[in-house]
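This report concerns only the one structure given below.
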Amino acid sequence: MQQLSLSSAPGEQQSSQPRSSPAAYGFVGAGEIAAAIVEGLSADVADPPRVFLSPRSHRVGHELASRFPNVQVCDSNQDVLENATSVVLAVRPQIARAVLEELSFRLHHVVMSAMAGVPLERLHNWAAPAGHIIRVIPLPSAARGQSLTVMYPDNAVAREMFGRVGGLLVPGEEETLDAFSAATATFAAHLEYLTTIAKWLADHGVDYDAAAAYTTHIFGQLGQSLLQRTDSLTALTDKHMTPGGINEQLMTDLRRNGVPDVVRRALDRILARLRG
């Protein structure tokens, strides 16, 4: 059986690699995920690490630099590599090869790729001769220090960095990391589900702002209870369904219409794309 390593802070599991405390982190690509990590590394931190950002997203980078004195926007992606030995790759997978092959990596670079569907073998070719390459799946909640970041393979430097913005989950195989990545494709669908509920309330006479506030409140509270769960997800589902009640009725309708199977098939297609 495959082993998963789960920890809430760096250092709970010993890596086979020597530990180091990099003085700086670099980011090639400056989208929303990169911004969330940088905020988590910098906000309300007594001694934040130095952060060097790609110039690619001028608005995001300069907004972060204006808020946090430890953050600097570089003139080029190569400048990021010159200033930091620990580098997060956060560019779109479609342009990854073109971006990386223009850069000069060195053996001492630790490269952490947040690019979905780009396997380690390809990354090693594009970022040669970088000494360590790790795939990571950080979450937007990194901004609040609450990401549960999946990474593979285990690496002390990556543990140090992502332990600063939440917990860590290390699967035993790269293929499993792809499955976790596929699961993150459900965010927009979940939000669309909540939007549907809010719009349905509005269709039945509720002011839309009140409908949206009520929907986000009840599901926000449900999310908080999930973080503190002691039962399985299946057990929690059953607890929310009184026999003959309205939750059971809606669940029965969704199952009858094949909604769970539709979700599984969609996730299978996402996984096939990521592994393709």
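Here the gap between residue 189 and residue 108, fully extended at 0.36 nm per residue and compared with their Cα-Cα distance, gives a gain of 25.1 nm.
Could you give the distance between the Cα centres of the stretch 100-148 and the stretch 66-93, to the whole Å? About 13 Å separates the Cα centre of the stretch 100-148 from the one of the stretch 66-93.
Computed packing ranks the peptides 107-120, 146-159 as 146-159, 107-120, most packed first, by mean other Cβ atoms within 10 Å. Using the Karplus relation 6.51 cos²θ - 1.76 cosθ + 1.60 with θ = phi - 60°, the per-residue 3J(HN,Hα) values for the stretch 198-214 come to 4, 5, 5, 4, 4, 5, 10, x, 8, 3, 4, 4, 5, 5, 5, 5, 5 Hz, with x marking Gly and Pro. Could you run the Debye sum over the Cα atoms of the stretch 185-275, one equal point scatterer each and no solvent, and tell me log10 of I(q)/I(0) at q = 0.15 Å⁻¹, two decimals? Per q value, in the given order, log10 I(q)/I(0) is -0.80.
The H on the amide N of residue 26, modeled in the peptide plane, is under 5 Å from the matching H of 52, 86, 87, 88, each at least 5 residues off or on a different chain. Take the Cα of residue 174, step 7 Å toward its Cβ, do the same at residue 255, and the gap between the two points is 3.9 nm. Once C-alpha pairs closer than 8 Å and six or more residues apart are averaged by separation and normalised to the residue number of the chain, the relative contact order reads 18 percent. Structure remark: mean-square fluctuation, Gaussian network model of the chain, C-alpha springs under 10 Å; the largest value among 106, 92, 264 belongs to 264. Please name which of 43, 84, 170 has its Cα lying farthest along the dipole of the stretch 5-172 towards the positive end, using unit charges on Cβ (Lys, Arg +1; Asp, Glu -1) and the Cα centre as origin. Looking along the dipole axis, the top candidate is 170.
For the chain, the dipole from Cβ point charges (+1 on Lys and Arg, -1 on Asp and Glu) about the Cα centre works out to 280 debye, to the nearest 20. For the listed peptides 221-234, 25-38, a ranking on the average number of other beta carbons within 10 Å per residue, highest first, reads 25-38, 221-234.
The peptide list 133-145, 204-216, put in order of mean Cβ contacts within 10 Å with the highest first, becomes 133-145, 204-216. Semi-axes of the equivalent ellipsoid of the stretch 225-273 are 24, 18, 6 Å, computed as sqrt(5λ) over the eigenvalues of the C-alpha gyration tensor in descending order.
Only helices enter this figure: runs of n ≥ 4 DSSP H residues, each worth -39500 (n - 2.57), summed and divided by the residues of the chain, yield -14000 deg cm²/dmol at 222 nm to the nearest 500. Using a cutoff of 8 angstrom between alpha carbon atoms and counting only pairs six or more residues apart, the relative contact order for the stretch 185-275 works out to 20 percent. Averaging 1/r across all pairs of distinct Cα atoms in the chain and inverting the result yields a Kirkwood radius of 20.7 Å.
Every read-out reported here was derived from the displayed coordinates using simple, explicitly stated rules and does not represent laboratory data. For clarity, every value in this text was computed on a predicted model and none was experimentally measured. FYI the Cβ positions are ideal-geometry reconstructions off the backbone, even for glycines, and counts take in every protein chain you see.
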